[in-house]
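A short worksheet on the structure shown next.
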Amino acid sequence: MTEPDAPRPVSPEELGFDRIVYEKTPPRATITLNRPEVLNAFDFRMLRELARACEDASWDDEIKVVVVTGTGRAFCVGADLKAWGADLLDNPCEYWKWFGAFKDMHDRLREIGKPTVARVNGIAVGGGNELQMACDLAVMVDDAFIRHVGPEHGSVPAGGATQWLPIFVGDRRAREILLLCDEIPAKQAEEWGLVNRAVPAAELDAVVDYYVERLAVKLPQTIRYTKQQLNWWRDISWHETVGHARDWLALSMLGDEAKGAIRAFLEKE
């Protein structure tokens, strides 16, 4: 990836992405996480590519709606713990840099200035749920689930979950999701307001298409400012906490609790 000379969009082929597939078929852009062999887990390069794709879509006046989805049987399962175990344990400086890329990806997506739709094609775990929550709307296949596992794997889910789940589902349900680490089936996620719709796989694309068609005809400047106003509560909770979370989580990589949990997970793989 090279730095642009001006805020001008380019063709997806010019961006040379490896971890995601980025497609533009105006009025829609589609960003597909493309590491199915690890259930679309984030690594550093994927985070950087997601941020750059969001930046390009924000600059393209022909793009009115952005869809985020995954390849294979998962939407996203959050951070790649294998990479963590190899690169980040006992290395808080490197973790701090890694989390910076995670934060930048979220900021680029949330501040894209256009409506975003999460096409949740499979399970969404940890940072995968935080990714779908960062979108404006979400449609999920009804045979999948949402889950947070940070308290079991040595990572506080403070990359969106602690900030946004109480806003989405209320305080008590947020605590249930984050403290118990139970699976939340898609239909339950719909009932709780964690996703907009839970539908059979055969209907997923039709519902996403409906949302895209309805959103694409709205006035772009007006819808951008509507998003800005709607994001106020999310932004307050995010910006007030995420910097602190970045530093605390980085230092936690030195502790026996995080190291033991991650190593135990890797040994089961």
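The values are calculated or read from the model by the stated rules, or taken from the named source; none is laboratory data. This structure is a prediction, so every number in the text was calculated from the model and none was measured. Cβ atoms come from the backbone with ideal geometry, glycine included; neighbour counts cover every protein chain shown. We work out accessible area using only protein heavy atoms, side chains counted, and drop any ligands, DNA or RNA first. Shrake-Rupley method; radii C 1.70, N 1.55, O 1.52, S 1.80 Å.
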Take every Cα pair under 8 Å in the range 1-135 that's 6+ residues apart, average their separations, divide by the length, and report that relative contact order as a whole percent. 27 percent
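Run the dipole for the range 125-197 about the Cα centre, Lys and Arg Cβ at +1, Asp and Glu Cβ at -1, nothing else charged, and hand back the magnitude in debye, nearest 20. Before the final figure, lay out each step's value.
Numbers: 6 positive and 11 negative charges, 32 e Å.
Rounded to the nearest 20 debye, it is 160 debye.
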Under a point-charge model restricted to the Cβ atoms of Lys and Arg (+1) and Asp and Glu (-1), what is the dipole moment magnitude of the range 58-125 relative to its Cα centre, in debye to the nearest 20? 320 debye
log10 I(q)/I(0), Debye, Cα-only the range 203-269, no solvent, q = 0.14, 0.19, 0.23 Å⁻¹? -0.76, -0.83, -0.98
Along the charge dipole of the chain, Cβ charges K/R +1 and D/E -1, which of Ala174, Thr25, Ser11 sits furthest on the positive end? Ala174
Using a Gaussian network model on the chain with a 10 Å cutoff between Cα atoms, which of Thr162, Thr226, Thr71 fluctuates the most? Thr226
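May I have the convex hull volume per residue, in Å³, for the Cα set of the range 64-181? Please report the intermediate quantities before stating the final value.
On the way: hull volume 13.1 nm³, N = 118.
Output value, Cα hull per residue: 111 Å³.
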Looking only at lysines whose Cα falls under 30 Å of Lys64's and that sit 8 or more positions away or on another chain, we get Lys24, Lys103, Lys114, Lys187, Lys218, Lys227
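Return one whole number: the accessible area per residue of the chain in Å², for a 1.4 Å probe. Don't skip to the answer; put the middle values down first.
Working: 12910 Å² over 269 residues.
Spelled out: the 1.4 Å probe surface of the chain, per residue, equals 48 Å².
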Pick out which of Leu39, Leu180, Leu165 has the largest mean-square fluctuation in a Gaussian network model of the chain, springs linking Cα atoms closer than 10 Å. Leu180
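For Gln228, what is the net charge nearby, where nearby means another residue's Cβ is under 13 Å from its Cβ and Lys, Arg count +1, Asp, Glu -1? Don't skip to the end; give the middle numbers.
Values: positive: Arg110, Lys114, Arg224, Lys227, Arg234; negative: Glu111, Asp136, Asp235.
My count for the surroundings of Gln228 gives +2.
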Give me the net charge for the shell around Asp142: Cβ to Cβ below 15 angstrom, other residues only, Lys and Arg +1, Asp and Glu -1. -2
Cα-based Rg / Dmax (Å) for the range 66-125: 14.0, 39
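Would you compute, from DSSP H runs of 4+ residues alone, the mean residue ellipticity of the chain at 222 nm, taking -39500 (n - 2.57) per run and dividing by the full residue count, rounded to the nearest 500? Can you show the working numbers first?
Details: 13 runs with 145 residues, N = 269.
The helix contribution divided over the chain gives -16500 deg cm²/dmol.
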I want to verify a result. In a Gaussian network model of the chain, Cα cutoff 10 Å, which of these has the top mean-square fluctuation: Arg108, Arg28, Arg214? Arg214
0 to 90° range, to nearest 10: angle between helix 256-268 axis and the chain longest Cα axis: 70 degrees
So for the chain, Kirkwood radius off the Cα pairs, Stokes-Einstein at 37 °C and 0.692 mPa s: how many µm² s⁻¹? 175 µm²/s
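Grab the eigenvalues of the alpha-carbon gyration tensor for the range 95-247, scale each by 5, take roots, and send me the semi-axes largest first in whole angstrom.
Working: eigenvalues 115, 88, 34 Å².
The equivalent ellipsoid of the range 95-247 has semi-axes of 24, 21, 13 Å.
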Give me the log10 of I(q) over I(0) for the range 1-96 at q = 0.20 Å⁻¹, as the Debye formula computes it from C-alpha points; what are the numbers? -0.97
From Cα pairs below 8 angstrom and at least 6 apart in sequence, can you work out the relative contact order of the chain, rounded to a whole percent? 19 percent
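Provide the percentage of antiparallel DSSP beta bridges, counting only those with both residues in the chain; round to the nearest 5. List each step's numbers first, then the result.
Details: 8 of 30 bridges.
Percent antiparallel among DSSP bridges in the chain is about 25.
Quick one: pull the percent of accessible area on the chain belonging to carbon and sulfur, 1.4 Å probe, ligands and nucleic acids left out.
Numbers: 6520 of 12910 Å².
Heavy-atom surface of the chain belonging to carbon and sulfur, 1.4 Å probe: 51 percent.
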